[in-house]
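Novice: Before we start, here is the structure in question, set down as structure tokens.
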Amino acid sequence: GNLGSQLVEYKEEMYITSDCGNTWRQVFEEEHHILYLDHGGVIVAIKDTSIPLKILKFSIDEGQTWSTHNFTSTSVFVDGLLSEPGDETLVMTVFGHISYRSDWELVKVDFRPSFPRECTDEDYESWELTNLQGDRCIMGQQRSFRKRKISSWCIKGKSFTSALTSKVCECVNTDFLCDYGFERSAPLKSESSKCFADFWFNPEAPPEDCVLGQAYTSSTGYRKVVSNVCEGGVDLQQNLAHHMCPLTAPKGLQISIRGESLAVRPGEDITFIVQQEQGDVLSTKYQVDLGDGFKAIYVNLTMTGEPIRHRYENPGIYRVSVKAENVAGHNEAVVFVQVTSPLQALNLEVVPVIGRNQEVNLTAIILPKNPNLTVFYWWIGNNLQPLLTLENFLVTTFTETGDVRVTVQVSCGSSMLQDSKVVHVFDHFHVLPLKFTKHLDMYNPDIPEWREDIGRVVTRLLAKETSIPEETLMTVVKPGLPTAADLHVLLPANQPKKKRSITSDKRIAAIKQALNAHNISFFLRGGYWVLVTLADSGSDSQRIGGGSGYWAIVVLFVICLVAVGAFILYKFKRQ
């Protein structure tokens with residue numbers, strides 16, 4: 001260590017004590033390897049350094065004076081010191097190496113020839129253990145030891161014992177500490193400090209394991225120091241108050257699931273564990289309701305630690321409750337268990353073509369359906385922050401044209417699935433409603449994959465019949481019955497704006513002509529031909545445009561501007 005307000009790593013001085021730590025004196029200014037021989041009669045020290053050494057220091061007078069000894073003719077890098085088994089040995093070994101690449105070097109040092117004889121009774125003096133205040137009674141006893149005189153040059157040997165006498169002391173106030181829940185007050189001038197109960201502690205309260213019919217004692221605020229052996233004298237633990245254990249209401253009731261998982265699968269075994277922190281357990285009844293119609297009453301449930309095993313067959317949320325009740329009161333614990341089937345399939349349904357600023361419904365179809373137990377995470381475009389819903393749909397709008405990726409993640413219990421679709425956002429496109437002959441309804445399973453297949457077939461047939469590029473046509477079959485669809489006619493991206501409306505009109509006319517002429521049909525299993533026609537042959541196509549409101553405002557502004565200009569010109573001519 002070092003002298004100062006804090007420990008300094010680079011200043012590692014060596015200190016020694018001869019009175020069990022009451023006083024200390026410095027012996028070295030640097031760190032040393034230390035070894036005690038002959039019950040501490042010889043203290044050996046070698047400097048802990050990175051340079052090779054061949055000199056050791058030793059002291060036979062408790063570090064008062066030090067002698068040197070050349071333990072080797074060749075300097076070695078010292079790694080440590082070892083002594084033979086037993087405290088009485090005077091043989092030690094220095095181990096190290098001559099160079100960093102050499103093998104181990106062991107040097108044996110024997111101090112026995114340095115001592116002419118073994119110690120006798122005249123070579124020892126008695127010494128009494130005291131504390132910093134000079135009190136001889138420490139931990140309830142007064143002990144004296146014998147030490148070899150500094151002037152004696154002899155070996156203590158195997159038969160040496162340091163303890164001389166031990167006498168038990170009478171107890172005094174310092175042999176006691178404040179008991180649990182008590183704190184020592186600031187002492188007054190006229191008297192010593194006393195232990196008082198803290199504000200949160202009730203010393204007369206029964207212990208947690210107090211059973212009705214048994215007795216317990218309340219603390220006076222003091223307890224004897226652990227390992228203190230004092231007897232008689234002052235007894236701050238006397239006059240303990242004795243009480244009978246009362247009937248206490250249950251408190252701290254808890255119900256948990258083994259494995260700590262609140263989400264299980266149908267048919268999976270689940271184990272409930274009921275625990276009670278306080279209150280009587282022998283006269284307490286426990287009413288258990290597992291939420292699916294199973295109810296039972298238990299006795300000694302928390303004392304025996306017997307778990308409750310159960311199995312839920314159907315998905316859902318189950319409220320599991322345990323009510324502990326006796327004459328003194330009651331307590332209740334509740335836990336909600338989610339029984340969910342693992343997700344097997346997820347399909348994101350969304351209209352692939354949508355107008356800018358037009359509302360669109362994003363729908364996630366999952367199997368199996370777990371109502372109130374599923375969380376949906378929606379990512380729109382490149383947004384890293386998802387939208388969370390408990391419903392399987394989300395209504396949103398797209399403010400920019402282009403391709404937007406929509407991703408949905410579905411979480412239910414410990415299972416999670418993901419699906420993603422791309423939505424094409426346009427300013428303008430046409431929509432033609434389509435219908436099919438009734439034979440198709442018989443084979444309509446109303447699943448997303450089937451609807452996508454039918455849509456691709458119709459698009460391919462229309463493109464082939466009308467010679468319109470297939471990438472500008474998209475058929476979307478609607479869910480439900482009767483089977484219906486919408487044909488989206490997209491504007492070519494590489495065509496000049498002035499020619500787009502003329503070309504679009506020609507394509508719409510060609511599509512209507514093919515549909516009205518009953519040229520679009522496909523063969524269905526079972527020997528049926530399915531005919532695709534317009535849902536209303538007399539109606540025009542619906543023109544969708546996300547920017548129509550903007551152009552209407554521009555037209556109105558131009559009309560108003562022309563009107564104001566004409567009015568000003570009229571006034572100018574009259575003048």
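The values are calculated or read from the model by the stated rules, or taken from the named source; none is laboratory data. Keep in mind that this is a model prediction, so the values were computed, not measured. All Cβ positions, glycine included, derive from the backbone under ideal geometry; neighbour counts span all protein chains shown. Just the protein is used for accessible areas: all its heavy atoms, side chains included, with ligands, DNA and RNA removed. Shrake-Rupley method; radii C 1.70, N 1.55, O 1.52, S 1.80 Å.
Novice: Show which aspartates and glutamates lie in cross-link reach of Lys295 when reach means a straight Cα distance below 17 angstrom and same-chain residues fewer than eight apart are skipped.
Specialist: Filter leaves Glu306, Glu313, Glu325, Glu332.
Novice: Something else about it: Calculated FRET efficiency, Thr65 and Glu183, Cβ-Cβ r, R0 41 Å, to nearest 0.05?
Specialist: Values: r = 50 Å, r/R0 = 1.22.
Efficiency, from the Cβ-Cβ distance: 0.25.
Novice: Next question, about the same structure. How high is the FRET efficiency between Lys438 and Glu260 when r is their beta carbon distance and R₀ equals 60 Å, given to the nearest 0.05? Present the calculation step by step, with values, prior to reporting the outcome.
Specialist: On the way: r = 56 Å, r/R0 = 0.93.
Step by step, r from the Cβ atoms, then E = 0.60.
Novice: Please name which of Phe115, Tyr15, Ile46 has its Cα lying farthest along the dipole of region 1-148 towards the positive end, using unit charges on Cβ (Lys, Arg +1; Asp, Glu -1) and the Cα centre as origin.
Specialist: It is Ile46, whose Cα lies furthest towards the positive end.
Novice: Next question. Within region 413-436, what residues put their amide N at less than 11 Å from the label point 7 Å along the Cα-to-Cβ vector of Thr396?
Specialist: Correct set: 421, 423.
Novice: Going by accessible area, probe 1.4 Å, with all protein chains left in place, what is the ranking of Glu30, Glu170, largest first?
Specialist: Glu170, Glu30
Novice: Now a separate question. Which residues does the label zone of Glu118 cover in region 154-169, counting backbone N under 13 Å from a point 7 Å along Cα→Cβ?
Specialist: Once the point is set 7 Å along Cα→Cβ of Glu118, 155-161 turn out to lie under 13 Å by backbone N, inside region 154-169.
Novice: Hey, another quick one. Simple spin-label model, 7 Å along Cα-to-Cβ: Ala535 to Asn300 in nm?
Specialist: 7.3
Novice: Can you pull the one-decimal nm distance between simple spin-label points at Asn202 and Leu561, each 7 Å off the Cα toward Cβ?
Specialist: 8.6
Novice: Pulled fully out, how much extra length does the chain show between Glu313 and Thr165, if you take 0.36 nm times their separation in residues and subtract their Cα-Cα distance? Walk me through the intermediate numbers first.
Specialist: On the way: separation 148, 0.36 × 148 = 53.28 nm, distance 7.65 nm.
Gain in length upon complete extension: 45.6 nm.
Novice: Next question, about the same structure. Note down the magnitude of the dipole of the chain about its Cα centre, charges +1 on Lys and Arg C-beta and -1 on Asp and Glu C-beta and zero elsewhere, to the nearest 20 debye.
Specialist: In debye, rounded to 20, the chain gives about 4060.
Novice: Which residues in region 351-372 have a backbone N closer than 19 Å to a point placed 7 Å from the Cα of Asn382 along the Cα-to-Cβ line?
Specialist: In region 351-372, the label zone of Asn382 (backbone N under 19 Å from the point 7 Å along Cα→Cβ) covers no residue.
Novice: Additional query: How large is the Rg to Rh ratio of the chain when both quantities use alpha carbon positions and Rh follows Kirkwood?
Specialist: Values: Rg = 47.8 Å, Rh = 36.6 Å.
Computed over Cα atoms, the ratio is 1.31.
Novice: Ignoring ligands, DNA and RNA, what percent of the 1.4 Å accessible area of the chain is carbon and sulfur? Please list the in-between numbers first.
Specialist: Working: 18630 of 35300 Å².
Carbon and sulfur: 53 percent of the exposed surface of the chain.
Novice: Taking the solvent-accessible surface of protein heavy atoms with a 1.4 Å probe, what is the per residue accessible area of the chain in Å²?
Specialist: Values: 35300 Å² over 575 residues.
I get 61 Å² per residue for this part.
Novice: Taking 32 Å as the cut-off for C-alpha to C-alpha distance, list the pairs among Lys57/Lys156; Lys57/Lys149; Lys156/Lys224; Lys47/Lys167 that go past it. Can you show the working numbers first?
Specialist: On the way: Lys57/Lys156 20 Å; Lys57/Lys149 20 Å; Lys156/Lys224 38 Å; Lys47/Lys167 42 Å.
Cα-Cα > 32 Å for Lys156/Lys224; Lys47/Lys167; rest within.
Novice: If you wrap a convex hull around the C-alpha atoms of region 173-245 and split its volume per residue, what is the figure in Å³?
Specialist: Values: hull volume 8.5 nm³, N = 73.
Output value, Cα hull per residue: 116 Å³.
Novice: A further question follows. Please work out the FRET efficiency for the pair Gln238 and Ile138, using the Cβ-Cβ distance as r and a Förster radius of 22 Å; give the result to the nearest 0.05. Mind dumping the intermediate values first?
Specialist: Numbers: r = 23 Å, r/R0 = 1.06.
With R0 = 22 Å, the Cβ-Cβ based efficiency is 0.40.
Novice: May I pose another question? Using 0.36 nm per residue of separation minus the Cα-Cα distance, give me the extension gain between Val8 and Glu277 in nm, one decimal. Show your work: numbers first, answer last.
Specialist: Details: separation 269, 0.36 × 269 = 96.84 nm, distance 4.84 nm.
Full extension from Val8 to Glu277 adds 92.0 nm.
Novice: Report the label-to-label distance for Trp24 and Ser415 in nanometres (one decimal), using points 7 Å from each Cα along the Cα→Cβ vector.
Specialist: 6.8
Novice: Under the definition of Cα pairs under 8 Å and six or more residues apart, what whole-number percent is the relative contact order of the chain? Kindly include the intermediate steps, with their values, before the conclusion.
Specialist: Details: 1130 pairs, mean separation 36.5, N = 575.
Relative contact order comes out at 6 percent.
Novice: Next up: In deg cm²/dmol and to the nearest 500, what is the mean residue ellipticity at 222 nm of the chain if only DSSP H runs of at least 4 residues count, each as -39500 (n - 2.57), divided by the residue total? Provide the component values of the computation, followed by the final result.
Specialist: On the way: 5 runs with 74 residues, N = 575.
The helix-only estimate for the chain comes to -4000 deg cm²/dmol at 222 nm.
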